[in-house]
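For reference, the structure discussed in these notes is given below.
The values are calculated or read from the model by the stated rules, or taken from the named source; none is laboratory data. Everything quoted here is computed from the prediction, not taken from an experiment. No Cβ is skipped: glycine too gets one built from the backbone with ideal geometry, and neighbour counts run over all protein chains shown. Surface accessibility is based on the protein's heavy atoms, side chains included, excluding ligands, DNA and RNA. Shrake-Rupley method; radii C 1.70, N 1.55, O 1.52, S 1.80 Å.
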Amino acid sequence: MRLRQITLVTAVLGLLCVPARAEARDISRDTLAADDGWAALGTGTTGGAAADDAHVTTVTDRAGLVRARDGGSDTPKIIKIAGTIDANTDDDGDHLDCADYATGGYSLKRYLTAYDPRTWGAAKPSGAQEEARQASAAAQAERVVLPVGSHTTIVGLGDGAVLKGAGLQVKNADNVILRNLDLRDAYDCFPVWQPNTGGLGDWKTAYDNIWLTGATHVWVDHVTASDQGHPDSAEPTCFARNYLRHDGLLDITNGSDLVTVSWSRFAGHDKAMLIGSGDTATGDRGKLRVTLHHNQFESVVQRAPRVRFGQVHVYDNRYVVPEGAEYRYSLGVSTESAVYAENNAFHTPGHVEVADLVKSWNGTALHQSGTLFNGWPVDLLAVYNAYNSGSERDLTADVGWTPTLHTKIDSAAVADREVARGAGAGRIP
Ligand code: CA
């Protein structure tokens, strides 16, 4: 068919046919349903639903987003993100790359020369290159860390809202909703070398796509979080350790409490979700209550989630480990954690075994029921206790609580299908 004919046919159809797609529903004043997980406790989670018209803003760039945040004020506000926003931009909207932030003579080459363990030893980096790294990192943080205040809803418009390079930070704030957003590549230009981490030393990166610190009543829904654009697998090895560029996708720490994470997609990343950042953070006792349901963890190496202290309800989630993907574990059971996992479905390649799905450090208990492993029902706990590495101790089934705040719990098989179809940004029904 010649082009003119195609154009003619299209034009005629255009006259005859009305698009079937209805106008997208306005989700910006949605609130968390009663009983939908821990974030529903007490006053529930309404985000910026009470905003007056002056505090409902549609933003298309970083500068607009920063203005709409209003310094992280407590005034109820709704921020709608349209299109792609790059956090690594200057006030004119021009992209900034790592070289633009580098200052004081910092370069990775000089940094590696200065702190090579063979010459520098195991002391914490200090001196000119470390000072230059810190100053450079501060310049990047000033751009990419975006604090979110209380009574705030941030939603993406339609199915194309992307926030690139940002670290959304809900710090000591209450009542926040983050929905329908594709959060990509919270890339750290200036990782720090920590010679005394994990015996061999390690690189520490600064940013999580979302970091909840001292945050309460937070609902994260239909979010996609990934390293898209800069996979860590493409990064080099420096001082014999992976030079990671990303920290967590969604970290929940420092006394955060009452969080529901639903219908979201965590993909293409190493350490996905840390709940509780330290064994000695005893202020987290009684807090870090989190519900994770109908989420997909796909090509995630570890921490889906890793939990300390919190009562965490993990139900109806879908885990996908593709053939050839790096994988360590999914459910991390750490100090005083009380993970209640039910009706989760795991899809893994042949070399991943049931006992690999769980890892314990100082954990004592894990509830699991209704688990599906490559389509087969398994008793995750019994298998873990029978086949764990031996350096890990057996876990008991009694985590000391039974979740009561939840919506309908589907079988793992039903959840598996629905999550595959419906989790992530751009998929709110
Ligand atoms: Ca983190």
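Table for the structure above
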item: DSSP loop trypsin sites (Lys or Arg not before Pro) with at most 16 other Cβ within 10 Å: longest gap in the chain; result: 30-284
item: Lysine pairs with alpha-carbon atoms under 19 Å apart, the chain, spacing 8 or more or separate chains; result: 9
item: T113-A325 pseudo-label distance in nm [points 7 Å out on the Cα-to-Cβ vector]; result: 4.0 nm
item: Options S277, N374, T119, ranked by Cα towards positive dipole end of the chain, top entry (Cβ charges); result: N374
item: The chain, helix-only ellipticity at 222 nm - DSSP H runs n ≥ 4, -39,500 (n - 2.57), divided by all residues, nearest 500; result: -5000 deg cm²/dmol
item: Whole-percent carbon and sulfur share, accessible surface of the stretch 200-264, 1.4 Å; result: 54 percent
item: Fraction of accessible area attributable to carbon and sulfur, the stretch 341-429 (%, probe 1.4 Å); result: 52 percent
item: Under the Karplus curve 6.51 cos²θ - 1.76 cosθ + 1.60, θ = phi - 60°, whole-Hz ³J(HN,Hα) for the stretch 86-91, x wherever Gly or Pro sits; result: 9, 6, 7, 9, 7, 5
item: Exposure rule at most 15 other beta-carbon atoms within 10 Å, DSSP loop chymotrypsin sites (Phe, Trp or Tyr not before Pro): the chain longest free segment; result: 1-360
item: Dipole moment magnitude, nearest 20 debye, the stretch 366-429 about Cα centre, only Lys, Arg, Asp, Glu C-beta charged; result: 320 debye
item: GNM flexibility winner over the chain from D247, D97, D159 (Cα, springs under 10 Å); result: D97
item: Share of alpha-carbon pairs per 20 Å distance bin for the chain, given as whole %; result: 25, 54, 19, 2
item: Cut-off under 5 Å, modelled amide H: who pairs with I81 long-range; result: V59, V155, G156, L157
item: Gaussian network model of the chain, springs between alpha carbon atoms under 10 Å - residue of A325, A141, A386 with greatest fluctuation; result: A386
item: Rounded accessible area per residue of the stretch 246-393, 1.4 Å, Å²; result: 32 Å²
